[in-house]
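Notes follow once the structure below has been shown.
The values are calculated or read from the model by the stated rules, or taken from the named source; none is laboratory data. As the structure is a computational prediction, the values presented were derived from the model and not from experiment. Cβ placement follows ideal geometry from the backbone for every residue including glycine, while neighbour counts extend to all protein chains displayed. Please note that ligands, DNA and RNA were not included when accessible areas were found on the heavy atoms of the full protein model with its side chains. Shrake-Rupley method; radii C 1.70, N 1.55, O 1.52, S 1.80 Å.
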Amino acid sequence: MQDAAAAQQTQAVAEPNLALRIIRATGWTLIWLGSLTLGFVAHQLWVTSYFTDRAQDTLATERIEYYETAEVERVEYVPLVEDDEGNLVRSSPALSGALGGDPMTILAESPPPVGEPFALIRIPKIERLVEGWNVVEGVKLTHLRNGAGHMPTTPLPGQPGNSVISGHRTTYGAPFHDLDVLEPGDLIEVETAIGVHVYEVEESFIVKPTELWVTDPREGAWLTLTTCHPKFSARERLIVVASLIAGPNAGVILGTQ
């Protein structure tokens, strides 16, 4: 009888100990998972931004060197116009003077190497971009880790058509974090080897990542900025569209020269 009572007492003591060990193990597992999650978030938000900020200094030096070596020339300006079917096509050369004359020309620079910095974007209304953010050629993840990225299939800033620049919103320096504050009338400046191109915001809207029509050609000269939306998510895209109002080629493209 004594042995049976002792066995029951031992079992009663062992069971709470086992339950306690399970609770402790579960607790420590949750703590470690929480720590890993916080570490990942910290890395994405702050560590990546730290290295991107440092990379911007290097890119600035490389961009200035690019300005000195970029091939710049005058080319004949042939605007895009809409045909009878609504498609944008190259028109006949735009001639100056009522009876013709020398073709109108604009400044053009050679396409920069993919991954290389070639421009600086400044947005006075956004504190982080008042001094500017370097723009590299390319929009792959490896390109956007160091700067904003220009889509190679679109014209360079300051050229006829629709120039597209993308940037991160919450990681890698988050250059476009506050892009949603821009309103019609706000100014955007893009400096390239041929000068400073000034754009005026026309509109902003949200689209799905699959809506690639936002990068399509446009009549005149435009700048389209893209970034993820909402913040901390890649579910949608925030689009800001601005039109060229000043710069080396503005007079010819706008027909005021």
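List of remarks:
- Candidate lysines for bridging to LYS208, where Cα separation is under 19 Å - those fewer than 8 sequence places away on the same chain excluded: LYS140, LYS231
- Note on the range 100-226: dipole from Cβ charges, positive end direction compared against PHE205, SER163, GLY147; the farthest Cα belongs to GLY147.
- Within the range 77-186, the ratio Rg/Rh, alpha carbon atoms throughout and Rh by Kirkwood, equals 1.08.
- Surface share of carbon and sulfur [accessible, 1.4 angstrom probe, percent] for the range 110-249: 54
- Once the C-beta distance of SER110 and VAL130 is scaled by a Förster radius of 45 Å, the resulting FRET efficiency is 0.95 to the nearest 0.05.
- Assuming charge only on the beta carbon of Lys and Arg (+1) and of Asp and Glu (-1), the dipole of the range 106-160 about its Cα centre is about 200 debye to the nearest 20.
- In sequence order, calculated HN-Hα J values of the range 147-152 (Karplus, 6.51, -1.76, 1.60; Hz; x Gly/Pro): x, 5, x, 8, 6, x
- Ratio of the Cα radius of gyration of the range 149-257 to 2.2 N^0.38 Å, where N counts its residues: 1.05
- With the simple model of a label 7 Å out from the Cα in the direction of the Cβ, VAL181 to ASP57 spans 2.6 nm.
- Amide H contacts for ASN162 (H built 1.01 Å from N in the peptide plane; partners 5 or more residues away or on another chain; cut-off under 5 Å): ARG218, TRP222.
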